[in-house]
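Just so it is clear, none of the values below were taken in a lab; they were calculated from the coordinates. These numbers come from a predicted model, not from an experiment. Cβ placement follows ideal geometry from the backbone for every residue including glycine, while neighbour counts extend to all protein chains displayed.
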Amino acid sequence: MKLKITVGVIAFGVTASLAWKVTANSPIFFGDPFANLTTAQLNKFDAGKDEFMDEEGVTDGLGPVFNGKSCAECHSNPAVGGDSEITETRFGTITNGHFDPLTELGGSLIQSKGIAGEPGAACNIAGETVPPQATKVALRRTTPLFGLGLVDAVPDQAFIAIAQLQKRYTPEIAGRPNYVTNLATGKPAVGKFGWKNQVPTLFQFAGDAYLNEMGITSPMFPNENCPQGNCALPPTCDLGTNPNDDGAGVQAFADFMTFLAPPPRGPKTWQALAGEIVFYKIGCANCHLPFLETGHSSVAALNHVSFHPFSDFLLHDMGSLGDGIEQGQASGREMRTAPLWGLRTRKTFLHDGRATTVTDAISAHDGQGAKARQKFNSLSAKEVIELLAFLSSL
């Protein structure tokens, strides 16, 4: 299997310069669509981008609690579809030795805004707050969406194979998939999206965000979020037709993300090339995997394409760097390996934005990332500069 050969090469750190290969038709700017789309696909991208940027109102189904009025409100850096410094709050507690998301109190995600005062609102509902019963509270940054159509097109079996190879060759840092439910099929699937890999497909990712970020229901997510878990809304509180979206909006979001090109690479200096070798030397590439390949797709831009996300998209035990929140099969200590492509545009790092420099982010690695952190700390000043130059080129 070609994937296994590629992953094996990466795992042993051979020929690091391979990661400089650039696929044909690479975009020039962040936020561009793939360069080799058909006219029909470009039209879907443009329509999806318009929907992505459009602000929802109460008459569209916004609320009763929400975090934003449009997708672009949070996904904006350095272009529409990127990340932002906005963080959201998740919470829960431990009950009888198990994580409890406190669903009855509105958990695990806080919707910090309510429709009180919004045009057309017929009831006075405020945003949620963390209940006193919560003993686990975590912040999560907005994640960038560039190139996720490629990730969506990687077969589940590929991620399973990567986990198996890690278990065989680098067991001390081996990751694992988060098996979750694909709501479209009702069957288990490998999670690929979200800080805990809690979502398996871009379409489900779009529907989940439409509900949990804006309060817009759809056929896949038909139930409103009850403010602070209280579903006894006032009789005057008209939330519109249910579902609020017939699925067209969700599909438009998914189209935009599917056809959104990956981040373009930055300048490739000799210093950055030397830094890539350091990247392999200290073991970063074992989890921040430089290569993946898509499977068969009817979209030419996604069909058997090699790409460079610098992530294995697996869960790893990060020790104290874990956020304490459980989702799917992911424990409180486990986090998905964050993709590094586009890293040079970010202003804060890690899942909660606590790190303001790349060096701070590396120094916070714990658990299965502790050995790489220790090797980083033992580098010469020259090697550190080279490594940071490489990371600044992503």
Q) Which angle from 0 to 90°, rounded to the nearest 10, does the C-alpha axis of helix 2-11 make with the longest principal axis of the chain? A) 70 degrees
**Q.** Chain lengthening between Leu233 and Ser320 when straightened (0.36 nm per residue, less Cα-Cα)
**A.** 27.4 nm
Q) Taking Rh as the Kirkwood radius, which is the inverse of the mean 1/r over Cα pairs, what is the Rg/Rh value for the range 179-303? A) 1.12
Q) Residue separation times 0.36 nm, minus the C-alpha to C-alpha distance between Ala364 and Ser112: what's the value? A) 87.9 nm
Q: Please find the FRET efficiency linking Gln164 to Ala35, where r is the Cβ-Cβ separation and R0 is fixed at 51 Å, and quote it to the nearest 0.05.
A: 0.90
Q.
Using Cα-Cα distances under 8 Å and only pairs 6 or more residues apart, what relative contact order does the range 2-391 have, in percent?
A. 22 percent
Q.
If every alpha-carbon in the range 240-394 counts as one equal scatterer, what log10 I(q)/I(0) does Debye give at q = 0.12 1/Å?
A. -0.63
Q. Rounded if a/c is under 1.5, else prolate if a/b beats b/c, else oblate: with a ≥ b ≥ c from the C-alpha gyration tensor eigenvalues square-rooted, which is the range 81-125?
A. oblate
Q. In degrees between 0 and 90, to the nearest 10, how far off the longest principal axis of the chain does helix 248-258 point, with axes built from Cα atoms?
A. 10 degrees
Q. Helix 381-391 sits at what angle to the longest principal axis of the chain, using alpha carbons and giving 0 to 90 degrees rounded to 10?
A. 50 degrees
**Q.** Cα-based shape type of the range 290-356, given that a ≥ b ≥ c are square roots of the gyration tensor eigenvalues and the cut on a/c is 1.5
**A.** oblate
**Q.** Relative contact order (%) - the range 139-276, alpha-carbon pairs under 8 angstrom, separation at least six
**A.** 26 percent
Q. Say the dipole of the chain comes from +1 at the beta carbon of Lys and Arg and -1 at that of Asp and Glu; which of Leu388, Leu314, Ala361 then lies farthest toward its positive end?
A. Leu388
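Using a ≥ b ≥ c from the Cα gyration tensor of the chain (square roots of the eigenvalues), is it rounded, prolate or oblate, where a/c under 1.5 gives rounded and otherwise the larger of a/b and b/c decides, a/b for prolate?
prolate
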**Q.** Centroid-to-centroid separation of the range 349-394 and the range 223-300 [C-alpha atoms, Å]
**A.** 24 Å
Q. Roughly how many debye, to the nearest 20, is the charge dipole of the chain about its Cα centre, given +1 on each Lys and Arg Cβ, -1 on each Asp and Glu Cβ, and no other charges?
A. 1940 debye
